[in-house]
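First the structure, in the form of structure tokens, and then the observations on it.
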Amino acid sequence: MADWKDALLSVLPTIRVPRAGDRVHKDECAFSFHTPESECGLYVCMNSFLGFGRPYVERYYNKTGQRAFLHLKRTPKPVQKSDDSSSGTGDPPRKKPTRLAIGVEGGFDMTDEQCEYEEEVKLVILPEFLEVHRDELSGLPDMVRDRVSSAIDAILSADSASRKQEVQAWDGEVRQVSKHAFNLPQLEGVPRIPPCGWKCSVCDLRENLWLNLTDGSILCGRRYFDGSGGNNHAVHHYRETGYPLAVKLGTITPDGADVYSYDEDDMVLDPNLAEHLSHFGIDMMKMQKTDKTMTELEIDMNQRIGEWDLIQESGVQLQPLYGPGYTGIRNLGNSCYLNSTMQVIFNIPAFQRKYVDRMEQIFQKAPGDPTQDFNTQVAKLGHGLSSGEHSKPAAEKETDTADQKGMQDGIAPRMFKALVGKGHAEFSTNRQQDAQEFFLHFINMVERNCRSSSNPNEVFRFLVEEKIKCLVSQKVKYTQRVEYILQLPVPMEAALNKEELSIYEQSRLQAEQEHRPPPELVRARIPFSACLDAFAAPEQLDEFWSSALQAKSTALKTSSFASFPDYLVIQIKKFTFGLDWVPKKLDVSIDVPEELDLSQFRGGGLQADEEELQDVAPPLVTPDEPKAPVLDESVVTQLVEMGFPAEACRKAVYYTGNSGAEAAMTWVMSHMDDPDFAHPLVVSGVSAPVSVGGDPPPEEHVATIISMGFSHEQAVRALRATNNSLERAVDWIFSHIDDLDAEAAMDLSEGRSAAESVSESLPAAGPRVRDGTGRYELFAFISHMGTSTMCGHYVCHIKKEGRWVIYNDQKVCASEKPPKDLGYIYFYQRVQS
């Protein structure tokens, strides 16, 4: 055995003990979805702590020379359940449900059987793959044995990189401790509360009851959107008394309870809950759960939505599909928005060619830490979906329901999700997200990483032509903007079943007043043609500055296509705001066609009988007007507190002339979809802030931006414009990309070298768009179930090999009745004539 001892001594200097800041990738291969549970296990480099499957560990050795690896192999074994019936204690209480993949298969289910593993650990030395078992280390000198053993123990005990990411992602979901928890006033002489038999002291309801922790009042909770719930007596009591905290009776257990702060308008934690309850004679340690938590109620309400069963095609035994292109994706905790979007993306040939067909070249060029390389992780995901390697039936359990049968092992894209969400306020969390917003976020990341190479985004990119006609001078102004998605409004006034809807609404209100279950849902049936007409309909502009009049005028703005993309993505704008600015979802059925001809919506540019408005900026109102706009900061603050970006709020106040919160809110609502919605306010004649005379941009920040395909001059300019903030500089440079490319092209035409400007391999100024006929056929759509984008579930349907297929996280099946009328985002491909 001298061979392995000599080899171990030769690699000893490279073996490290992971430190606090090291990421230990012991759950997943950096280049594939191999794990310790895979047939060949996982090899963890004992120097970089990167994990590799068997096909990639030799490649890593050849590239880096690292030879020492910890080989982890785990084999699942069933859990041996102990029979506790004789003890009289029964089953232990289950943990409270969370929003992890709410109510759907493939997510984290706290009631699932947990697996135990038989784990095999050994040290492997490349290139010979010499194996050293832990018990063999005893024959080594103490210093060598201790060093190797310490490294092995530290790797095994360290939280994996994926586990750390999950903890960080869920931090945003943890309820905050109430500011009233440590100084809550509690009145003396209050009655003792019995352990059961409660009712509302105002209306006698016996469900959804809340105990006010200041005066002991028991009152019913809020009424829900479907008419169920309470009669709002608890919140009315808060408005009268100001007593802030209430606990939901029936949810009190030794582990805690649902506590709501009316003052903070959120569910909160009360570390002193046991003490506060004892004030009313309630022993928290003896209480049992008898009512649903707020999270459980949210799940129930989501699943009562009629579209839930229709979109998932529940109640029908669907035929499971396996093999290349039919790979499911595990839900990583409300990641169904990502799963559905990426399934569709990798059914588009341009993305397959860019990332799957070129996977080997991408992996060869991967940096030292491939887990942080965008191209590597996208290629890894694309290959995982298309190869079929992980598209195999999952082991069935006795507890599986009919809907859970036919599920796959699938893939778990933890590295991809962590990388694309890194630094993003929403996508870095495990909260549910809007699939449309994620689609645009992913497209933006592709743009950033394809500056100097082929860009698959070109299949989505198109130009929208905007025509503005001054109604006084009759002159016109044409502009174009780049889009990746067509957002269609939902004109509710075009519903085909208005009488039926009116009867339903009357019945719903009557049922709510009489505290009866709501009637069967009736959806508004909206023609798809009405949505298209609403997009193309003229919009009146009352405050348009006419250069022909040198004054404000009324104008009409109309939108049309200046080009048609290879793949047209259409979002139905189902999510809107009510009169009270509360977000709501339009429950509509739209007759989306499988074949679509948009030729009539193509714009023609300036016509022979039209006269163009001169492009002249409006003058300053008065010569003494300050360069920086004076804004009503109280209105800005009010809008910011409602959750809107600060720069958008500044714009809203500026463009509505400081005319108050209501006007500013109206501006925000009508401009939320603008691509520069959250960009800084820039007033004509006022320069954007730059760090003149400040610290020079850090070279590493400059190098990062140059690596995206920009010139040194452009990188420095972006950093100076953003006070040397790398993240803001990247956003700035991509929001000014057209201007920078135009300047770069002008520089080249004036004889400047390519090194001083943008790379010669880049196209000429302006975005590259493909154009062709406006005839399309539907090939995929993403559907959403739930009352808002922040909860519920997403699935997608894709037409493959002449049939529709439903991708529902880990479940991939032939679709029986694809619910095309209930979709949220539709993907059309051009019909080749």
A 1.4 Å probe over the protein heavy atoms gives segment 452-525 a carbon and sulfur accessible-area percentage of 50
Go through segment 554-559 residue by residue and turn each phi into a ³J(HN,Hα) via Karplus (6.51, -1.76, 1.60, θ = phi - 60°); whole Hz please, and just put x for glycine and proline.
9, 9, 10, 10, 10, 10
Candidate lysines - alpha carbon under 25 Å from Lys820, same-chain residues fewer than 8 apart omitted
Lys405, Lys498, Lys573, Lys574, Lys584, Lys585, Lys799, Lys800, Lys811
Lysines whose Cα lies under 17 Å from that of Lys199, excluding same-chain neighbours fewer than 8 positions away:
Lys248, Lys289, Lys292
What's the center-to-center distance, using Cα atoms, between segment 434-459 and segment 770-812 in Å?
19
From phi via Karplus (6.51, -1.76, 1.60), per-residue ³J(HN,Hα) for segment 468-482 in Hz, x at Gly/Pro
10, 10, 6, 6, 8, 8, 6, 7, 10, 9, 10, 9, 10, 9, 8
Solvent-accessible heavy-atom area per residue, rounded to whole Å², over segment 372-488 at 1.4 Å
37
Taking a cut-off of 26 Å between Cα atoms, list the lysines near Lys552, but don't count ones fewer than 8 places away on the same chain.
Lys467, Lys469, Lys475, Lys477, Lys627, Lys651
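The values are calculated or read from the model by the stated rules, or taken from the named source; none is laboratory data. This one's a predicted model, so the numbers in the text were calculated from it and none came from an experiment. Remember, those area values only see protein heavy atoms, side chains included, never the ligands or the DNA or RNA. Shrake-Rupley method; radii C 1.70, N 1.55, O 1.52, S 1.80 Å.
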